[in-house]
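Participant: Before anything else, here's the structure in question.
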Amino acid sequence: MSALRAMGAAARVAARTLALVPAAQRTQALHALADALRTQHSPVLAANAADLAAAHSAGISAPLAERLLLNAQRLNAMAADVAAVAAAPDPIGEKFDERTLANGLQVHRQRVPLGVLGVVYESRPNVTIDVAALCLRTGNAAILRGGSEALRSNLALGALVRN
């Protein structure tokens, strides 16, 4: 449990830092991630092959194996998804529901980062990238817990995100 608390504390510090990163820098990081997904296939595909081999040895079902599978085409599709997130407008600081109250006070709602998101998901390695991209765009940190069948794939994808 102490490891989880330490992870949470580190994520909280990262969230405070990430919330202050300018939109242009977060967009640049998203483009770098998309480029890495397009060009650094080998470590991810090797990790995924090891995950698939272990899963097949454990008697994984065909539909689960299909969700676990990564290939160059899927990595390129993930890169396109990250590029689309990078092209989306920055939500941080956006004001909405602006109005003036009867007493003349002007009020509005404003979008701000949530902080730390905890995401638990099955053996779908693409979710690692989806969550990372959305968190980068919105200035949030995340603690991810993917399925054990995709451990190596998730670690390899996480390394791309960190770099």
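The values are calculated or read from the model by the stated rules, or taken from the named source; none is laboratory data. Remember, predicted model here, so these are calculated numbers, not experimental data. Note that we place each Cβ from the backbone using ideal geometry, even for glycine, and neighbour counts take in every protein chain shown.
Participant: Can you find a residue that is touching a Gly at 6+ places or on another chain (Cβ under 9 Å), more than 27 Å from residue 148 (Cα to Cα), of a type outside the set (D, E, K, R) and not in a helix (DSSP H, G or I) anywhere in segment 10-18?
Facilitator: no
Participant: Follow-up question, since we're still on this one. Across segment 26-42, what is the total count of residues that are loosely packed, with under 15 Cβ neighbours inside 10 Å and more than 16 Å from the chain's Cα centre (by Cα)?
Facilitator: 2
Participant: Go through segment 110-132 and give me each residue that's part of a strand (DSSP E or B) and surrounded by 19 or more Cβ atoms within 10 Å (Cβ to Cβ).
Facilitator: Passing the criteria: only 116.
Participant: Still on this structure, I have one more. Looking at 32, 53, 47, which is the one that is in contact with a helix residue (DSSP H, G or I) (Cβ under 8 Å, 6 or more places away or on another chain), part of a helix (DSSP H, G or I) and small (Gly, Ala, Ser)?
Facilitator: Of 32, 53, 47, the one residue that is in contact with a helix residue (DSSP H, G or I) (Cβ under 8 Å, 6 or more places away or on another chain), part of a helix (DSSP H, G or I) and small (Gly, Ala, Ser) is 47.
Participant: Further question: If you check 92, 60, which single one turns out to be at pLDDT below 95, in a loop (DSSP other than H, G, I, E, B) and touching a Pro at 6+ places or on another chain (Cβ under 7 Å)?
Facilitator: Only one candidate qualifies: 92.
Participant: Could I ask something else about it? Quick check on segment 105-126: of everything there that is within 25 Å of residue 150 (Cβ to Cβ) and of a type in the set (Gly, Ala, Ser), which residue is farthest from the chain's Cα centre (by Cα)?
Facilitator: 123
Participant: The conditions are (1) hydrophobic (A, V, I, L, M, F, W, C); (2) within 22 Å of residue 24 (Cα to Cα); (3) in contact with a Pro (Cβ under 6 Å, 6 or more places away or on another chain), and residue 150 fails exactly one of them. Which is it?
Facilitator: Only one criterion in (1) hydrophobic (A, V, I, L, M, F, W, C); (2) within 22 Å of residue 24 (Cα to Cα); (3) in contact with a Pro (Cβ under 6 Å, 6 or more places away or on another chain) is unmet by residue 150, namely (2).
Participant: Could you check segment 148-159 and list, in sequence order, the residues that are in contact (Cβ under 8 Å) with a residue 60 or more places away in the chain and either under 18 Å from residue 65 (Cβ atoms) or crowded, with 19+ Cβ neighbours inside 10 Å (or both)?
Facilitator: 149, 150, 151, 152, 153, 156, 157
Participant: For the structure I just gave you, tell me whether residue 99 is more than 16 Å from residue 30 (Cβ to Cβ), charged (D, E, K, R) and surrounded by 10 or more Cβ atoms within 10 Å (Cβ to Cβ).
Facilitator: Judged against the criteria, residue 99 is not a match.
Participant: Of all residues being closer than 14 Å to residue 11 by Cα and among the small types (Gly, Ala, Ser) in segment 127-163, which is nearest to the chain's Cα centre (by Cα)? Just the residue, please.
Facilitator: 132
Participant: Could you give every pair whose Cβ atoms fall below 6 Å, whose first residue belongs to segment 75-88 and is of a type in the set (Gly, Ala, Ser), and whose second residue is surrounded by 17 or more Cβ atoms within 10 Å (Cβ to Cβ), counting only separations of at least 6 or pairs across chains?
Facilitator: Filtered contacts from segment 75-88: 79/34; 79/37; 83/34; 86/27; 86/30.
Participant: Name the one entry in 140, 163 that is surrounded by fewer than 22 Cβ atoms within 10 Å (Cβ to Cβ) and within 24 Å of residue 74 (Cβ to Cβ).
Facilitator: 163
Participant: Is it the case, given these coordinates, that residue 74 is touching an Asp or Glu at 6+ places or on another chain (Cβ under 6 Å) and either surrounded by fewer than 19 Cβ atoms within 10 Å (Cβ to Cβ) or among the hydrophobic types (A, V, I, L, M, F, W, C) (or both)?
Facilitator: No, not satisfied.
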